[in-house]
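Okay, so here's the structure we're looking at.
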Amino acid sequence: MSFDPFELNSALPVINEDSEFFPLMSTEDEEEMNNEQLPEILSILPLRNTVLFPGVVIPITVGRDKSIKLIREANKGSRMIGVVSQQDVGIEDPTFSQLNKIGTIALIIKMLQMPDGNTTVILQGKKRFLLKEEVQSVPYIKATIEPFKEVKPKEDKVFKAMVSSIKDMAMNIIQLSPNIPSEAGIAIRNIESTSFLINFISSNMNADMNAKQHLLEEPNLRNRANLVLEHLTLDLQMLELKNQIQSKVRVDLDKQQRDYFLNQQLKTIQEELGGNSPDLEIESLKMRASKKKWAKEANDHFTKELEKLARTNPAAADYSVQINYLELLLDLPWNEFTKDNFDLKRAQKVLDKDHFGLDKVKQRIIEYLAVLKLKHNMKAPILCLVGPPGVGKTSLGKSIAKALGRKYVRMALGGIRDEAEIRGHRKTYIGAMPGRIIQSVKKAGAANPVFILDEIDKVGNDFRGDPSSALLEVLDPEQNSTFYDHYVEIDFDLSNVMFIATANSLSTIQPALLDRMEIIEVNGYTIEEKIEIAKQHLVPKQRDAHGLKSRDVVVKPDVIEKLIVDYTRESGVRALEKKIGSLVRGVAKNIAMDEPYNPVVTRKEVEKILGAPIYDKDLYEGNDVAGVVTGLAWTSVGGDILFIEASLSPGKGRLTLTGSLGDVMKESVTIALAYLRAHASEFNIEPKLFDQWDIHVHVPAGATPKDGPSAGVTMLTALTSAFTQRKIKPHLAMTGEITLRGRVLPVGGIKEKILAAKRANIKEIILCRSNQKDILEIKEDYIRDLQFHYVSDMREVISLALLDEKVKNALDLTIKPDTRPSVTEHA
């Protein structure tokens, strides 16, 4: 409870304006006040931080021009106004709709002009009212009102006991609180009216404005009394707890004074022995802090923690923990930035020199630099480079940092399972440390590094938390300006950090995390691109790594192509680099042993050093067998070709699927067979064949799991070829999803699939018409030898894929006579 001198005496309904004393309200006074007639229209005074209760007298300092005008005009007239608290205290000039609907009619008792120029008015609450409609808003609000119906309870024993408890509890609060004058107790003891007692205590108790407004709006006096009792109980418990703490602190202070004198003696002994005094450490920290460019909030927090260190006994375990914490705060780069290099042409050259291809990523970095050059406070983008292993996603981060002139840090996320790895541990734990994000920024020494989050798709989660959920704040430009680390305990601005995440697949990344990043696909390289990468980067790198000069070993493009085709099967260049390293080591051995050798590596020497070719270039197996069709697949390491084999054997129409097929792939076979049955006549297939021949669909290799909808068109073509015994067009591959209506739908991973087809000597490819846009993104030089057929219906696929010529040793698919008895014979 908190009492104001003006509120210690609540006025009678009629008071002399010159009186300095406001007598308490009796029951008769209250009845007379309640019987007064309300005016239909009333001037409304909005109150920002106060709620006025009936019978209570309060002083109000009036500051708004509207309110001053209202008070002056009302004081000249009836002196009656409506007082209503506003819903939002932050609004300077509230409108009618922004006021609470229940208020109190007030009588202006006295208006005072203060020495500072402000106007103070003393008001006495009369009775509650309900706001109806606004009549005017200028120069102040006027509105129609109606009486607020109140429910008075019966004066039974329970209610009387409740009122008595309220009075006793209020008296206890007055005795315990040193800030409340003793006159308040006299006022409460002399109040006769129950409703006025509750109003008086409601007005003066320690509650926020919303709680007081709720009390004002409660029509039932019993309920209002119950709410007041709850608030007073909380206040009393809080005061008792404060008194207990204060008495305990007095005892603790005596102990602290003793410890202080002992510590002073200990410091003197340490100085005599030549040790480093704790005072010198604190002064050193203060000196470093004075040079930091941190915000006021961080500076205040550091000062507070430093004062805490000064109060800590140097021999205590917490002393070293606190020293480490303060040193971390000083080591963090608060508002310390490296200067960006805005030479866009130089940046482009750096990116082109370090990486071949990757045009989309380079274009996005140059765009960011261009915008940053025009608008210096732009938030850094959060990019996610997605692609197969070995295409240069991680190393691209170094090139970006070099092009921008920024510091570079990398954080490997693979296998992280603890949320504390991202956010850190609270200082209360033994061995607590900040999270890896804060540690990396500290290591960079600048608040705007290029930050690589490597393998973000391989983040795990368990009972210790979900690190990917903790990354949501890190990778959200709207939130990471106030990143909170549990160890640091204050917000750190990460909005200037350029985060670049890398991933091999998007399927394992949390959707909310994926939504925060700008996805850039980094596809596999063509053979031509790999040759250029090897010439410009891999061969010189391996040469330098093995201590050779350019004249010691020469690897020509035809040899590099042999390495790519015969010894690697990947989308990136990681395996190619290993093979080049093996060649260079072979040359280095010859030089070290003074053996004669040819600096120009030939194709024969490749086989001598690396052994026989691992892969067969021409995987295409011909078209001599019906039902075998070449499909295109996407894997995590790039594209590949696969064969769909369909064969028939006499039986009863059973379908067998082998080759470790997933559910989606099995459904594709079912859809293909259903479509073929429904349209058998269109492909000159006798419908009865489906009941007389068993169907077996197999996809090599059997040990490798396979799934996905993109083999749908290949399945249907294989089945059609098997049932018609027609040849498949040579050097043809296809990919696409099918529907029961025979529609061909688009699929993903087109570039990787095209590269796999080219490696396998495929000449023609059938694709969905919607995938044509993916082909347009591939450089024309790389697909010059390929012919593409774009389709939207399976009839087009069959027309393109099947030849009229039948295969050798074709099956005899004549209809066998039906030996089952007819219905009549059976009967």
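The values are calculated or read from the model by the stated rules, or taken from the named source; none is laboratory data. Quantities reported herein were computed from a predicted structural model and do not represent experimental measurements. Here the Cβ positions follow ideal geometry from the backbone for every residue, glycine too, while neighbour counts run over all protein chains shown. The area values use the complete protein model at the heavy-atom level, side chains included, leaving out ligands, DNA and RNA. Shrake-Rupley method; radii C 1.70, N 1.55, O 1.52, S 1.80 Å.
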Quick check on this structure: which one of Met33, Met1 is part of a helix (DSSP H, G or I), modelled with pLDDT under 75 and among the aliphatic types (A, V, I, L, M)?
Met33
Anything in segment 288-326 that is of a type in the set (A, V, I, L, M, F, W, C), farther than 24 Å from Thr482 by Cβ, assigned to a helix (DSSP H, G or I) and touching a residue at least 24 places away in the same chain (Cβ under 8 Å)? List them, or say none.
Leu309, Ala310, Val321, Ile323
Qualifying residues in segment 523-556 (those that are open to solvent by 20 Å² or more (accessible area, probe 1.4 Å), part of a helix (DSSP H, G or I) and of a type in the set (A, V, I, L, M, F, W, C)) - the one nearest to Pro599 (Cα to Cα)
Ala545
I'd like to know if segment 104-115 contains one or more residues that are surrounded by 15 or more Cβ atoms within 10 Å (Cβ to Cβ), under 15 Å from Thr50 (Cβ atoms) and touching a residue at least 40 places away in the same chain (Cβ under 8 Å).
yes
Give the residues of segment 716-761 that are over 44 Å from the mean Cα position of the chain (by Cα) and of a type in the set (A, V, I, L, M), sorted by residue number.
Ala718, Leu719, Ala722, Ile728, Leu732
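Of all residues in segment 532-550, how many are over 18 Å from Ser582 (Cβ atoms) and out of contact with any Phe, Trp or Tyr (no Cβ under 8 Å at 6 or more places or on another chain)? Before you say what the answer is, go through the steps one by one.
Of all residues in segment 532-550, those over 18 Å from Ser582 (Cβ atoms) come to 532, 536, 549-550.
Cutting the leftovers down to out of contact with any Phe, Trp or Tyr (no Cβ under 8 Å at 6 or more places or on another chain) gives us 549-550.
So the answer is 2.
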Could you check Gln439 against (1) more than 26 Å from Pro511 (Cβ to Cβ); (2) buried (at least 22 other Cβ atoms within 10 Å of the Cβ) and say which number it fails?
(2)
Looking at segment 327-377, which of its residues are open to solvent by 30 Å² or more (accessible area, probe 1.4 Å), more than 25 Å from Lys779 (Cα to Cα) and of a type in the set (Asp, Glu)?
Glu327, Asp331, Glu336, Asp343
If you go through segment 685-710 one residue at a time, how many are farther than 15 Å from Ala672 by Cβ, aliphatic (A, V, I, L, M) and free of Cβ contacts under 8 Å to residues at least 60 places away in the same chain?
2
Filtering segment 404-453 down to residues that are at pLDDT below 85, in a helix (DSSP H, G or I) and of a type in the set (A, V, I, L, M, F, W, C) yields Leu404, Ala420, Ile422
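At least 1 residues that are at pLDDT below 80 in each: list the strands (runs of 3 or more DSSP E) lying fully within segment 743-823 that qualify.
Qualifying strands (runs of 3 or more DSSP E): 802-806.
Within segment 130-140, how many residues are of a type outside the set (Val, Ile, Thr), open to solvent by 40 Å² or more (accessible area, probe 1.4 Å) and either without any contact (Cβ under 8 Å) to a residue 60 or more places away in the chain or touching a Phe, Trp or Tyr at 6+ places or on another chain (Cβ under 9 Å) (or both)? Spell out the reasoning first.
Taking segment 130-140 first, the residues of a type outside the set (Val, Ile, Thr) are 130-134, 136-137, 139-140.
Now narrow it down to the ones that are open to solvent by 40 Å² or more (accessible area, probe 1.4 Å): 130, 132-134, 136-137, 139.
Now restrict to residues that are either without any contact (Cβ under 8 Å) to a residue 60 or more places away in the chain or touching a Phe, Trp or Tyr at 6+ places or on another chain (Cβ under 9 Å) (or both): 130, 132-134, 136-137.
Adding up the residues that qualify gives 6.
Can you tell me how many residues within segment 141-176 are of a type outside the set (A, V, I, L, M), touching a residue at least 40 places away in the same chain (Cβ under 8 Å) and either open to solvent by 60 Å² or more (accessible area, probe 1.4 Å) or within 18 Å of Glu230 (Cα to Cα) (or both)? Step through it out loud before you land on a result.
Taking segment 141-176 and keeping what is of a type outside the set (A, V, I, L, M), we get 142, 144, 146-150, 152-157, 159-160, 164-165, 167-168, 172, 175.
Next, from what is left, pick out any that are touching a residue at least 40 places away in the same chain (Cβ under 8 Å): 142, 144, 146-150, 152-153, 159, 165, 172.
Next cut, either open to solvent by 60 Å² or more (accessible area, probe 1.4 Å) or within 18 Å of Glu230 (Cα to Cα) (or both) only: 142, 146-147, 149-150, 152, 159, 165, 172.
Qualifying residue count, segment 141-176: 9.
Counting only residues that are in contact (Cβ under 8 Å) with a residue 24 or more places away in the chain and not hydrophobic (A, V, I, L, M, F, W, C), which one in segment 513-528 is nearest to Ala503 (Cα to Cα)? Explain how you work it out, then say what you get.
Taking segment 513-528 first, the residues in contact (Cβ under 8 Å) with a residue 24 or more places away in the chain are 513-514, 516-528.
With not hydrophobic (A, V, I, L, M, F, W, C) added as a condition, the list becomes 516, 518, 521, 523-526, 528.
Values: Arg516: 14, Glu518: 12, Glu521: 10, Asn523: 12, Gly524: 14, Tyr525: 17, Thr526: 20, Glu528: 25 Å.
Among them, the one singled out is Glu521.
For segment 460-473, indicate whether the set of residues that are more than 17 Å from the chain's Cα centre (by Cα), within 20 Å of Ile365 (Cα to Cα), charged (D, E, K, R) and in a loop (DSSP other than H, G, I, E, B) is non-empty.
Looking through segment 460-473, none of the residues is more than 17 Å from the chain's Cα centre (by Cα), within 20 Å of Ile365 (Cα to Cα), charged (D, E, K, R) and in a loop (DSSP other than H, G, I, E, B).
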I'd like the full set of residues that are among the acidic types (Asp, Glu) and without any contact (Cβ under 8 Å) to a residue 12 or more places away in the chain, limited to segment 531-584.
Asp544
Sort through Glu595, Glu570 and tell me the only one that's at pLDDT below 85 and open to solvent by 40 Å² or more (accessible area, probe 1.4 Å).
Glu595
